[in-house]
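Below is one structure, written out as structure tokens, with a few remarks after it.
The values are calculated or read from the model by the stated rules, or taken from the named source; none is laboratory data. Since we're looking at a predicted model, the values are computed, not measured. As a convention, Cβ positions derive from the backbone with ideal geometry for all residues, glycine included, and neighbour counts pool all protein chains shown.
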Amino acid sequence: MMTSPYPLPATPEINELLDMRSSGAAQRALDYYLKEDMSAAPPNDALFSIKPGISQEEALVHASELLRSAAATAYESASNHQGNQRDLAFSVVYLIDMAKAMVERSLRVSQTQANG
């Protein structure tokens, strides 16, 4: 068994710990290091961000293009599989097509409202 060449610090008494806990300096230090700064902006954990000021129509057009790309990818994947894997991939194609139809409908309604 090896002993430390440096003396270990003495364990503080319970009263000393209680005195430190009620100390103003200790409380300020704890507040500084442990409490969140409420005025700080939350961290941005997004993988990508949307350009500020983008119109609803531009966002829908971009969403439609993304869905078209996703459908093409899923369709290609379905073509390369058989059985359940093929069925699952085609179900994804179907879901993407439904979402794309909703986006395109929103675009038509948006254009109709803008023109009328």
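For SER69, the test of being outside any loop (DSSP other than H, G, I, E, B) and either touching an Asp or Glu at 6+ places or on another chain (Cβ under 8 Å) or of a type in the set (Ser, Thr, Tyr) (or both) is passed.
Restricting attention to the stretch 66-85, the residues being under 30 Å from ASN115 (Cβ atoms) and surrounded by 12 or more Cβ atoms within 10 Å (Cβ to Cβ) number 5.
Across the stretch 48-57, which residue is farthest from SER110 (Cα to Cα) among those that are of a type outside the set (A, V, I, L, M) and either at pLDDT 90 or above or exposed (fewer than 11 other Cβ atoms within 10 Å of the Cβ) (or both)? Step by step, filter the stretch 48-57, then rank; the result is PHE48. Looking across GLN113, GLN82, one residue alone is out of contact with any helix residue (DSSP H, G or I) (no Cβ under 7 Å at 6 or more places or on another chain), polar (S, T, N, Q) and assigned to a helix (DSSP H, G or I). It is GLN113.
Of all residues in the stretch 51-66, exactly one satisfies the criterion of being among the aliphatic types (A, V, I, L, M) and assigned to a loop (DSSP other than H, G, I, E, B), namely ILE54.
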